[in-house]
Amino acid sequence: MNIAVCIKQVPATESKIKPAADGLDIDRTGLSYVVNPYDEFGVEEALKIKEQLDTGTVTVITIGPEKAVEALRTCLAVGADEAIHIKDDALTGGDALCTARVLAAALKKGNYDLIFFGRQAIDDDSGAVGIHVAELLGLPHVAGINKFELNADGLKAVAHRQIEGAAEVVEARLPAIFTCQKELNEPRYASLPGIMKAKQKPMTVWSLADLDLSAEDVGASAAKVKLEKITSPPVREAGKTIDGDTAHAVSELVRLLHEEAKVL
Amino acid sequence: MTKILVVSERHEAKVKRVTLEALGAAHALSSKEGGQVAALLIGNEVASQADTLSAGGAQKVYLADDPKLALYSSEAYATLVADVAKKMDATLILLGATAMGKDLGPKVAAKLEGAFAGDCTGLALNDEGAFVATRPIYGGKAIATVKCQQAQFQVVTLRPNVFPVHPPAPSAKAEIEKVTTTTDFSLLKAIVKEVLTVVASKVELTEAQIIVSGGRGLKAPENFKLIEELADALGAAVGASRAAVDAGWKPHSYQVGLTGKTVSPLLYIACGISGAIQHQAGMSSSKYIVAINNDPNAPIFKIANYGIVADLFDVVPLLIEEVKKLKAA
């Protein structure tokens, strides 16, 4: 079984985020970067399936600047077999559909039975790319899965998808796309031998030309949604601490919620 | 003319509040220039819900009532939305940023070669009818303003509890037009086999008006009973911090914050939660925040409207009593 996992390098979860001076990006000074946490669930699931079947390859694919190679190496170090790095300056300013067109073109070059994404990248929080790619490739998808099982015949998979107060049990015919939610598995850490081995594993670099795409298809001019600016969220001011003995504080709290805030 | 299509979503046999919020937003956007607001109602035996949509501001209801549409199907639902959007030449397609909307929105946008903006907290249309939207990014640590380049087939999902509903007009009667699915269900490559109810809490977290959340300060999983009791008294949903979820006290579906859910209730009561930046990102857009924590230096107090520095095991039982008293009054 050939499995692809599309990943993204993002600022670490605990990063402090500030808009850059020009308001068109965040201030990236001093940020540390990780593999998008939801993508790690995809990598782990792919590795588990390969181990279970004892055959197949796991390919990790990313779009990003030079630095994004670190995220690919991390995935190779935990056990992925090969990596594809798509980088091209012409990609700057594209939107989610542009990204999806690039990934769709890259995925078409491989013969993948299973494609995993994270349910969203924790930087732009869009959650659209995996689903866009499924539509562009005419493949079925299941978004936000927290349980995955391959049928014995290897032709279908059953996944659980978290919805409000329930789980949808979805059966999908392969090839198919799955976007991964927390709880799917526990991603493994890289071992030292794994890190050493990663350096020998194949790393393919593709430009847009390698995918028969041009800036007009996937660059800023093709973007239908453009970023105008990034700002900080409104600052919340600390309110009042209600002092006094607990019983008094609690009744005062209820009074304030009822009379002042009018939410009770 | 601005033509807006709102994709209705139901919970059991009732139209979800987030759909009414989307209708409210649609109404506000279209009223300036005499635009059109339509709703698309999809499901099995859902015709009676058209009245709620009329009262909520839909001038027209497209009704796709079919036993085959009883369960959600990304492909079948998206095809239907795209068909109706083309039929009415929709400027804008609005959905709630729910599990369904987050799945359907990007699918529809790709089908129509349209534009997509997800989980928006602000939405306006410029003179050409293209949207300018604000959406939280980096888990709410920053806000992006995005602008659409075209005035057709713009797909936007709206964060629940942000947009005001349209004042109900019970006598309003929308024109109803039946539409049929063109999907051949025997060819579907993904099928919902069943829906397992896992009921996290009685009220869904992301759509709740009031949320009571517990964190590490609860010390043990069984103490969540206290949080649940307070939530019951308030008619609220129950949430949990990442620490409580990572400890295995509650499943991930309860988690508020980065790598969990983002919520915007009227009132958020944090009990025994220190308020790490990851947690704040998921709840700081709540209208009112109450913090109960015995550590006066807990960061949660910096963003709380009201705080009580005391042991939650003393505070919460008293609070349950006071709330019950108020509700009984």
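On a 0 to 90° scale, report how tilted helix A:69-78 is relative to the longest principal axis of chain A, with both axes built from alpha carbons and the result rounded to the nearest 10.
80 degrees
Using only the Cα atoms of segment B:205-328, build the gyration tensor, take square roots of its eigenvalues as a ≥ b ≥ c, and label the shape rounded, prolate or oblate: rounded if a/c is under 1.5, else prolate if a/b is larger than b/c, else oblate.
Rounded is the answer for segment B:205-328, as its axis ratio a/c remains below 1.5.
Hey, got the dipole for the protein assembly as shown? About the Cα centre, +1 on K and R Cβ, -1 on D and E Cβ, debye to the nearest 20?
So the magnitude is around 220 debye.
Using label points projected 7 Å from each Cα along Cα→Cβ, tell me how many nm separate B:LYS173 and B:ASP51, to one decimal.
1.3 nm
Over the whole of B:103-116, what's the average partner chain Cβ count within 10 Å per residue? Rounded to a whole number, please. Write down the numbers at each step before the final one.
Numbers: counts 10, 2, 3, 15, 7, 2, 9, 12, 3, 1, 4, 3, 7, 10.
Averaged over the peptide's residues, the number is 6.
State the extension gain, in nm to one decimal, for the chain segment bounded by B:ASP184 and B:GLU128, taking 0.36 nm per residue of separation less the distance between their alpha-carbons.
Extending this stretch completely gives an extra 16.4 nm.
Which whole-number percentage describes the relative contact order of segment B:205-328, with Cα contacts under 8 Å and a sequence gap of 6 or more?
In percent, rounded to a whole number, it is 25.
Under 16 Å from a point placed 7 Å out from the Cα of A:LEU24 along the Cα-to-Cβ direction: which residues of segment B:138-152 have their backbone N that close?
Correct set: B:145-147.
Could I have the simple spin-label model distance between B:GLU194 and A:SER214, label points 7 Å from Cα toward Cβ, reported in nm to one decimal?
The answer from the label model is 5.4 nm.
Evaluate the distance, in nm, between pseudo-label points positioned 7 Å from the Cα of A:ALA247 and of B:ARG216 along their respective Cα→Cβ axes.
Roughly 3.3 nm, to one decimal.
Quick one: dipole size for segment B:3-187, taken about the Cα centre, charges +1 on Lys/Arg Cβ and -1 on Asp/Glu Cβ, in debye to the nearest 20.
440 debye
Determine, from the Cβ-Cβ distance of A:ALA261 and A:SER232 and an R0 of 25 Å, the FRET efficiency 1/(1 + (r/R0)^6), rounded to the nearest 0.05.
0.50
Can you tell which of B:GLN36, B:CYS148, B:ALA110 lies farthest toward the positive end of the dipole of chain B, using +1 and -1 charges on the Cβ of basic and acidic side chains (Lys, Arg; Asp, Glu)?
B:CYS148
Can you tell me, using C-alpha contacts under 8 Å and at least 6 residues apart, the relative contact order of chain B as a whole percent?
The normalised contact order for chain B reaches 14 percent.
Give the shape of segment A:178-264 as rounded, prolate or oblate, defined through the alpha-carbon gyration tensor: a ≥ b ≥ c are the square roots of its eigenvalues, a/c under 1.5 means rounded, and otherwise the shape is prolate if a/b is larger than b/c and oblate if not.
Numbers: a/c = 4.06, a/b = 1.91, b/c = 2.12.
Taking the square roots of the gyration eigenvalues as a ≥ b ≥ c, segment A:178-264 is oblate.
Name the residue farthest towards the positive end of the dipole of the protein assembly as shown from the options A:ILE163, B:ALA124, B:GLY275, assuming +1 on Cβ of Lys and Arg, -1 on Cβ of Asp and Glu, about the Cα centre.
So the residue we want is B:ALA124.
Want the number for A:LYS108 to A:MET203: 0.36 nm per residue separation, take away the alpha-carbon distance, what's left?
32.4 nm
Would you mind checking the tilt of helix A:246-255 against the longest principal axis of the Cα atoms of chain A, expressed as 0 to 90 degrees and rounded to 10?
Compared with the principal axis, the helix lies near 80 degrees.
Quick one: if the Förster radius is 22 Å, what FRET efficiency do A:THR92 and A:LYS67 give, using the C-beta to C-beta distance and rounding to 0.05? Write down the numbers at each step before the final one.
Details: r = 14 Å, r/R0 = 0.65.
Rounded to the nearest 0.05, the efficiency is 0.95.
Please compute the average number of Cβ atoms from other chains found within 10 Å of each residue's Cβ in peptide A:67-78.
Shielding by partners across A:67-78 averages 0.
Please compute the contact order of segment A:1-106 in relative form: average sequence separation of alpha-carbon pairs under 8 Å and at least six residues apart, divided by the residue count, as a percent.
Rounded, it is 28 percent for segment A:1-106.
Does the protein assembly as shown come out rounded, prolate or oblate by the C-alpha gyration tensor, with a ≥ b ≥ c the root eigenvalues, rounded set by a/c under 1.5 and, if not, prolate when a/b is larger than b/c and oblate if not?
oblate
Please state the charge dipole magnitude for segment A:140-250, taken about the Cα centre, from unit charges on C-beta atoms (+1 on K and R, -1 on D and E), reported in debye and rounded to the nearest 20. Mind dumping the intermediate values first?
Details: 14 positive and 15 negative charges, 78 e Å.
That gives segment A:140-250 a dipole magnitude of about 380 debye.
Return one number: the angle in degrees, 0 to 90 and rounded to the nearest 10, between the long axis of the Cα atoms of helix A:96-109 and the longest principal axis of the Cα atoms of chain A.
30 degrees
Once every DSSP H run of n ≥ 4 in the protein assembly as shown is given -39500 (n - 2.57) and the sum is divided by its residues, what mean residue ellipticity at 222 nm do you get, rounded to the nearest 500 deg cm²/dmol?
Computed ellipticity for the protein assembly as shown at 222 nm equals -8000 deg cm²/dmol.
Every read-out reported here was derived from the displayed coordinates using simple, explicitly stated rules and does not represent laboratory data. Values in this document were obtained by computation on a predicted structure and should not be read as measured data. We place every Cβ from the backbone using ideal geometry, glycine too, and count neighbours over all the protein chains shown.
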